[in-house]
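Enquirer: Mind having a look at this structure? Questions to follow.
The values are calculated or read from the model by the stated rules, or taken from the named source; none is laboratory data. This structure is a prediction, so every number in the text was calculated from the model and none was measured. Note that we place each Cβ from the backbone using ideal geometry, even for glycine, and neighbour counts take in every protein chain shown. Quick note on the areas: whole protein, heavy atoms, side chains included, nothing else; ligands and nucleic acids left out. Shrake-Rupley method; radii C 1.70, N 1.55, O 1.52, S 1.80 Å.
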Amino acid sequence: TLLITLGAVLITTKGPGAAEVKDVYTRALELCSYLPESPLHFAAFWGQWRISGSEREARELADKLLDLAQRQKDTDLLLQAQHAQWPTLFCLGELVACREHIKAGVALYNPREHRSHASLYGGHDTKVCCQAHDAVVLWLLGFPEQALEHADDATTLARQLHHSASLAHALDYDLMLSQCLREPREVVERAEKAISLSTEQDFPDYLARALVFRGWALAQLGEKERGIADIREGIASQRDTGTREDFPIFLDMLAEACGVIARPAEAKSVLDEALTMADDSNRRHWEAELHRHKGELLLSVSDENDSEAKTCFRKAIDIARLQSAKSLELRAAMSLARLKQRQGRRRKAHDGLAPVYAWFTEGFDTNDLKEAKALLEELCTVQV
C-alpha cells in the first residue's frame, strides 16, 4: 500500500522515468510474488506499465492489464486498464483504436468512486487524462473544434477537483494542442501558467515540459536564442530523469527553432535523433511530421534536394494516412503541393491537395486550414 501510493506521488514529483519511481515499482512487484492476491497487485503491474521504456513493452503490458481486468470483471480495474491503453495506442500512432479506449474509459468513470484513483494510478485523475489525451487525438484525426472542447473539459474538471497534479496534466496537453494548432502566443500564455503551477507545487517533469513548449513559442515570436535556451533546458531536465516519452515531439520543436535562426546542420542532427528515437522506442504519433520537417529542411538548404524532399513528403503522407492523422496529412500535402508549384506543376499540386482539404468539416478558422485554402486559391488563380 505504501509503495503504490508513493509511486503515484513520485511520478508527479520526479517524473515517470526517474530511478526512484522504478525502484518503488520494482519492490512492489517483488512483494506481489509472495503476498495474497489483491487489487494492489494490479496497481503494481500498472506502475510497471507506466515506467516501461518503449511502446513495444508498454503495449504488451497494457494488453495484459486489460486481459486481467476483463477476467476479473472488476469495473475499477477495467477503468485503469483502459487508462493504460489510450496513452500506449496514442504513442503507437493507432489513433482510431486509442479513441475507442478513451470512450470506454469515459463510460466507466464515476467521479464518486474513481476520484481517489489518482493516489494509486499515475498521480492524476483518470478522466482528466482521458479528456486531455482525447483533445490531441481529435486534432490529429482532423477535428480541431472538438479537440478544443475536450481540452477545455479537461482543465475545467481538473480545477473542479482542486487537484494540482491533475491540473498540471491537463495544462500539459492543452499546451500540446496549442502547439499543434501553431498558436505561439497562446502557447506562451499557457506555458507561463503551467510553469507557475509546477514551480509552486514542485513538479519538475511538468516544469520541464512547459519550458520546451514556451521555448518553441518564443522562437516563433522572434525571441530565438531565449526560445532555444528554454527548449534545451527542458529537454536536459527530462534527460536527467530518464523521462523521454515525448522526445520525438520535443526534438522536433528544437529542430524547428534551430531552423528559424538558420542553423540547418544543427536542425538536421536534431531531426535525425528524433527519427531514430521514434524508431527505437516505437513512438510513432509524430513520425509523419518529423519526415515532413526533414523535407522542408532539405529544401531550405538547396534547390538540388527536390527529389529527396519529395520522398520525405510522400512518406509523411503515407504515415499520416496509415494513422488516420488527417491534420498531419494536410500539412504534408501542403508541403508537397508547394514543391510541385515551385516546379511548375500547378495542376498536380492543386489536385493532390484539394481532396485532403475537402475532407475537413470543421476548424476552418485554424491556421493549417486557412493556409491550405489560400494555397488552393492561389493554385486555381494561376491555372486560370
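For (1) basic (Lys, Arg); (2) under 20 Å from Cys130 (Cβ atoms); (3) crowded, with 22+ Cβ neighbours inside 10 Å, each residue gets a yes or a no:
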| site | (1), (2), (3) |
| --- | --- |
| Ile11 | no, yes, yes |
| Asp23 | no, no, no |
| Cys32 | no, no, no |
| Pro36 | no, no, no |
| Arg59 | yes, yes, no |
| Leu66 | no, yes, no |
| Asp74 | no, yes, no |
| Gln85 | no, yes, yes |
| Phe90 | no, yes, yes |
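Enquirer: Hey, among the residues in segment 75-125 that are of a type in the set (D, E, K, R) and at pLDDT 90 or above, which one's nearest to Val21 (Cα to Cα)? If you could, list the steps in order and put the result at the bottom.
Expert: Quick first cut of segment 75-125, residues of a type in the set (D, E, K, R) only: 76, 94, 99-100, 103, 112-113, 115, 125.
Add one more test, that the residue is at pLDDT 90 or above, and what stays is 76, 94, 99-100, 103, 125.
Numbers: Asp76: 23, Glu94: 27, Arg99: 28, Glu100: 29, Lys103: 29, Asp125: 19 Å.
By that ranking, first place goes to Asp125.
Enquirer: Which condition from (1) over 21 Å from Gly15 (Cα atoms); (2) open to solvent by 20 Å² or more (accessible area, probe 1.4 Å) is the one that Thr199 breaks?
Expert: It is condition (1) that Thr199 fails.
Enquirer: Next question, about the same structure. Out of segment 41-62, which residues are under 12 Å from Gln80 (Cα atoms) and of a type outside the set (Gly, Ala, Ser)?
Expert: Result: Phe42, Phe45, Trp46, Trp49, Arg50.
Enquirer: Quick one: what pairs do we get from segment 55-77, first residue more than 16 Å from Glu94 (Cα to Cα) and in contact (Cβ under 8 Å) with a residue 12 or more places away in the chain, second among the acidic types (Asp, Glu) and assigned to a helix (DSSP H, G or I), C-beta under 9 Å, 6+ apart or different chains?
Expert: Listed pairs, sorted by first residue: Ala69/Asp76; Thr75/Glu113; Asp76/Glu113.
Enquirer: Just one of Asp153, Asp134, Asp174 is open to solvent by 60 Å² or more (accessible area, probe 1.4 Å) and at pLDDT 95 or above; which is it? Show your work before the answer.
Expert: On the way: Asp134 fails: open to solvent by 60 Å² or more (accessible area, probe 1.4 Å); Asp174 fails: open to solvent by 60 Å² or more (accessible area, probe 1.4 Å).
After ruling out the rest, the residue left standing is Asp153.
Enquirer: Between residues in segment 260-284 that are under 24 Å from Glu225 (Cα atoms) and assigned to a helix (DSSP H, G or I) and residues that are open to solvent by 30 Å² or more (accessible area, probe 1.4 Å) and among the β-branched types (Val, Ile, Thr), which pairs lie under 8 Å by C-beta distance while being six or more apart or on different chains?
Expert: Pro264/Val301
Enquirer: State which residue is nearest to Ala8 (Cα to Cα) when the search covers only segment 119-138 and only residues that are among the aliphatic types (A, V, I, L, M) and assigned to a helix (DSSP H, G or I). Spell out the reasoning first.
Expert: Quick first cut of segment 119-138, residues among the aliphatic types (A, V, I, L, M) only: 120, 128, 132, 135-138.
When the remaining residues are screened for being assigned to a helix (DSSP H, G or I), the result is 128, 132, 135-138.
Numbers: Val128: 16, Ala132: 19, Ala135: 24, Val136: 24, Val137: 25, Leu138: 28 Å.
Here the residue is Val128.
Enquirer: Quick check: is even one residue across segment 325-334 surrounded by fewer than 20 Cβ atoms within 10 Å (Cβ to Cβ) and either over 12 Å from Gly142 (Cβ atoms) or in contact with a strand residue (DSSP E or B) (Cβ under 6 Å, 6 or more places away or on another chain) (or both)?
Expert: no
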